[in-house]
Amino acid sequence: MLLRNAKENGVDDLQLMEGSEAMEMEPELRCLKALLSPSTGIIDSHSLMLSLLADAENLGTTISYNTSVISGHVGSNGLELHVCESKELQNYHVGSHVNAQLVLLPKLVINSAGLSAVLLAKQFHGLDQEFVPTPHYARGCYFTLSQTKSPFSRLIYPLPEDGGIGVHVTLDLNGLVRFGPDVEWISDGGKDHVSCFLNKFDYSVNPNRCSVFYPVVRKYFPNLKDGSLEPGYSGIRPKLSGPGQPPSDFVIQGWDVHGVPGLVNLFGIESPGLTSSLAIAEHIVSKYL
Ligand SMILES: Cc1cc2nc3c(=O)[nH]c(=O)nc-3n(C[C@H](O)[C@H](O)[C@H](O)COP(=O)(O)OP(=O)(O)OC[C@H]3O[C@@H](n4cnc5c(N)ncnc54)[C@H](O)[C@@H]3O)c2cc1C
């Protein structure tokens with residue numbers, strides 16, 4: 001299924017191999033079969049952001065930092081955006097009212113608010129809420145391998161699990177090895193859109209979770225030594241499917257779907273949202289501009 005999925009998405013260089021071939025390439029690995037992806041790589045995400053920022057500024061983009069979209073209203077010409085300075089939200093508590101300091105009348109709004117995108121769309125008055133999905137949130141923790149020499153030279157992914165792509169081996173450009181992310185469903189993640197925008201999620205990594213990681217990682221890396229995992233960091237996934245439900249794809253939703261001119265909603269852009277970001281942008285440009 002993974003191979004078919006890849007082909008259908010234009011990835012035609014995957015190679016199905018026997019476990020013995022894979023274990024020859026990665027001696028610490030244990031597996032029965034493997035898919036090799038020769039074109040997979042890692043990038044420095046901060047440098048990518050800086051270069052995208054430089055390109056955008058060279059093309060005349062103005063970026064308004066520390067500014068929050070708090071709601072919207074569908075008028076006769078499309079969506080009005082209600083905006084305030086983010087510092088106005090400092091004393092915010094769930095249910096309190098926030099006044100807009102500015103109303104924008106944009107020709108095009110791309111709601112790419114990540115974790116807040118769904119809850120923000122719920123504040124767009126006049127957008128038919130039938131098109132706004134139910135948000136789900138899942139925390140993913142990473143544990144770092146304390147040994148300095150990496151046991152692997154490639155990223156290693158086990159089969160996907162419910163809610164995630166599996167606790168895999170991540171290598172960064174400094175050679176640091178991390179295992180993760182696991183899946184921990186968060187029931188009260190999105191109290192409301194402002195709390196969500198203020199990122200009031202719990203990002204702490206409970207060191208005891210390593211007891212879950214050892215057996216999972218040892219399925220493909222049996223030489224993982226006791227005591228070699230240290231708490232790393234965590235992230236929160238903006239999901240469109242909940243526990244036990246089949247995985248959902250990204251939702252890129254324009255006026256052909258919801259009928260509001262000039263509004264494109266991006267929902268459920270979890271991993272590999274960064275890898276897919278330029279393709280998502282190209283798709284929006286070709287379909288909506
Ligand atoms: C730990 C972790 C590891 C990951 N690893 C990978 C990986 O290896 N490869 C990969 O492809 N993807 C990875 N991802 C996923 C990737 O980071 C996301 O898919 C991607 O960042 C989504 O981009 P986005 O622009 O949609 O949302 P975000 O990156 O979340 O950006 C949303 C932005 O909108 C702003 N915002 C939100 N609400 C408002 C508002 N009301 N007003 C104004 N601004 C607002 C936020 O402050 C934020 O800056 C990872 C994610 C995590 C958490």
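General observations
- Residues whose amide H falls under 5 Å from that of Val177, counting only those 5 or more places apart or on a different chain, are Leu145, with hydrogens built in the peptide plane.
- Amide H contacts under 5 Å for Gly72, placed H, 5+ residues apart: His82, Phe124, His125
- Computed from backbone phi, the HN-Hα couplings of segment 268-280 come to x, 8, 8, 4, x, x, 6, 4, 8, 4, 5, 5, 5 Hz, rounded to whole numbers (Karplus: 6.51 cos²θ - 1.76 cosθ + 1.60, θ = phi - 60°; Gly and Pro given as x).
- Efficiency of FRET from Cβ geometry, Tyr65 and Ser37, R₀ 41 Å, rounded to 0.05: 0.65
- Positive dipole terminus of the chain, leading residue within Gly232, Ile110, Gly262 (C-beta point charges): Gly232
- Relative contact order of the chain: 19 percent, from C-alpha pairs under 8 Å at least 6 residues apart in sequence.
- Using θ = phi - 60° and Karplus 6.51 cos²θ - 1.76 cosθ + 1.60, couplings along segment 230-244 (whole Hz; Gly, Pro as x): 10, x, x, 9, 9, x, 10, 9, x, 10, 10, 10, x, x, x
- Count, lysine Cα pairs under 16 Å in the chain, 8 or more residues apart or across chains: 8
- Around Val257: net Lys/Arg minus Asp/Glu count, Cβ-Cβ under 15 Å: -3
- Global dimensions of the chain from alpha-carbon coordinates: Rg and Dmax equal 21.4, 64 Å.
- Think of it as helices only: each DSSP H run of n ≥ 4 in the chain is worth -39500 (n - 2.57), and spread over all residues that comes to -6000 deg cm²/dmol at 222 nm.
- Sites listed here are trypsin sites (Lys or Arg not before Pro) in segment 85-161 whose DSSP assignment is loop and whose Cβ has at most 14 other Cβ atoms within 10 Å: Lys107, Lys149.
- Net charge contributed by nearby residues that have their C-beta within less than 15 Å of Leu3 (K/R +1, D/E -1): -1
- In degrees, nearest ten, helix 45-58 long axis to first principal axis of the chain (Cα): 30
- Peptides 63-69, 126-132 ordered by average Cβ neighbours within 10 Å, highest first: 126-132, 63-69
- Residues whose placed amide H lies under 5 Å from that of Gln101, excluding near-sequence neighbours: Val83, Cys84, Glu85
- For segment 74-90, the Karplus equation 6.51 cos²θ - 1.76 cosθ + 1.60, evaluated at θ = phi - 60°, returns couplings of 7, x, 5, 9, x, 9, 8, 9, 9, 10, 9, 5, 4, 5, 5, 8, 4 Hz by residue, with Gly and Pro reported as x.
Where a number appears in this text, it was derived from the coordinates with a stated rule and is not lab data. All values reported here derive from a predicted model rather than from experimental measurement. With ideal geometry, Cβ positions are generated from the backbone for all residues, glycine too; neighbour counts draw on all protein chains shown.
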